[in-house]
1. More than 30 Å from ASP157 (Cβ to Cβ), touching a residue at least 24 places away in the same chain (Cβ under 8 Å), out of contact with any Phe, Trp or Tyr (no Cβ under 9 Å at 6 or more places or on another chain) and away from ligand 2 (no atom under 16 Å from the Cβ): which single residue out of LEU271, LEU275, LEU267 fits that description?
2. If I filter the range 197-235 down to residues being of a type in the set (S, T, N, Q) and in a loop (DSSP other than H, G, I, E, B), which single residue comes out as surrounded by the fewest Cβ atoms within 10 Å (Cβ to Cβ)?
3. Are there helices (runs of 4 or more DSSP H) fully within the range 10-74 with at least 2 residues that are within 14 Å of ligand 2 (Cβ to nearest atom) and modelled with pLDDT of 95 or more? List them.
4. What is the residue count in the range 304-363 for residues that are within 16 Å of ligand 2 (Cβ to nearest atom) and of a type outside the set (A, V, I, L, M)?
5. Are any residues in the range 309-367 within 16 Å of ligand 1 (Cβ to nearest atom), of a type in the set (Asp, Glu) and either closer than 16 Å to ASN37 by Cα or assigned to a helix (DSSP H, G or I) (or both), and if so, which ones?
6. Name, by its number, the condition in (1) farther than 20 Å from MET1 by Cα; (2) part of a helix (DSSP H, G or I); (3) touching a Phe, Trp or Tyr at 6+ places or on another chain (Cβ under 8 Å) that does not hold for PHE155.
7. Residue by residue through the range 323-351, note down the ones that are more than 19 Å from the chain's Cα centre (by Cα) and over 26 Å from LYS9 (Cβ atoms).
8. So if I check each of PRO93, PRO78, which one is assigned to a loop (DSSP other than H, G, I, E, B), surrounded by fewer than 18 Cβ atoms within 10 Å (Cβ to Cβ) and at pLDDT 95 or above?
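The values are calculated or read from the model by the stated rules, or taken from the named source; none is laboratory data. Everything numeric here is computed off the predicted structure, so don't read it as measured data. With ideal geometry, Cβ positions are generated from the backbone for all residues, glycine too; neighbour counts draw on all protein chains shown.
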Amino acid sequence: MIVNRLIAKNWRNFQHINVPLREQQFIVGPNASGKSNLLDIFRFLRDIVKVDGGGFQKAVKDRGGVSKIRCLSAQSDPEVAIEIHIADSSDAPAIWRYGIGFRQETREDCQTQITHERVWRNDELLLDRPNSDDKEDPDRLTQTALEQSATNAKFRDIGKFLRNVTYLHLVPQFIRYANVIQGKIIEDDPFGQGFLERIAGVHPSTRRSRLKKIEHALKVAVPQLERLEFVRDKNTGHPHLQVHFSHWNSIETGQREDQFSDGMLRLIGLLWSILESDSMVLLEEPELSLNIGIVSQLAPSISRMQRTNRSQVLVSTHSDALLTEQSIDGTEVLMLMPTETETIVKIAWDTKPLRRLLEAGLTVGEVVLSRTAPEHSEHLSLLEWD
Ligand SMILES: Nc1ncnc2c1ncn2[C@@H]1O[C@H](COP(=O)(O)OP(=O)(O)OP(=O)(O)O)[C@@H](O)[C@H]1O
Ligand SMILES: [Mg+2]
């Protein structure tokens, strides 16, 4: 299943979002235009349904409360709202629709108040809050029906889907020094600190098959690479990734992840995340540290892997090389365009001048990123620094 429409109101620097989403969706825009904020909508929904220590109140608190989430330029409307449509594919009708709205609480207990929560299955409205129970006991409006097993029986599939959303902004240093900084893993491990443990935790045959696929891809990026394998340290029992290169006399011992290059670690991390997911994978700037030739091949690789898994991949990027692949079409690119008060989100294909260029055969990489560059970026090099 995939989310094939996202609607949001007053979320961070967006006053309104209402866009269709494809199986593979790239998000482009200048720095601070809201790419990470947009991905955070899905992390927020996941946090609500998280099994350990999740819940709506915590998801809001972890983000600094409603005052930090609500769009600073929102007019008089105090509500923040999100709605997602979940379907079998981008062009299929929605099987599920889930909508939630909330506002800053003024009561003493500082609990955030849910203003509405609705669930539809195939257009049938299954839940419509506030309902009579909520009116009788307003405290109920501090928790979503989605997070409570007593109230979500009819729509658990939505929770299951959202629980499996993964976000990755892998920081190679965290993997390299995992043993040194043990025990201080950030919740949900967005930066890949526990990545090796994740690999260790899957069934050996699944692990072997995934690492084999990654090894194939790595051989393209690093031609000297012979083999990628999972090992446990004989003394400590710690999990490690190990590679063997044809050009070093290290065939016997191999090299472990603390010696991998940044690009290699990031590539392994992002390919593993896609292979692992049957839900949605959120990737932040996967192009970092990768050679331009590899970056230009990322989109087709992601698309092939994600098609086999039937997962959805949302990718934030600053890289035109990533978007030069001819097969990426204009509907697969969301453009974030900041104005003085908010950021507008548009599908590249829906922007007439861009559509003409795309129809003329130019790639999205050639036409889209130049449109999202800050107006006076050339001034950066003209600044007086002393
Ligand atoms: N509640 C809010 N209302 C308005 N703007 C907000 C709010 N919360 C955060 N922002 C703004 O969002 C911007 C950061 O957005 P984000 O981190 O998503 O950008 P980005 O596109 O991912 O940038 P980069 O390419 O540098 O990673 C900041 O400028 C911040 O001021
Ligand atoms: Mg960002």
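1. The match here is LEU267.
2. ASN235
3. Result: 35-49.
4. Residues that pass the stated criteria total 6.
5. Across the range 309-367, the qualifying residue is only GLU342.
6. It is condition (1) that PHE155 fails.
7. Within the range 323-351, THR324, GLU325, GLN326, SER327, ASP329 meet the criteria.
8. Answer to the selection: PRO93.
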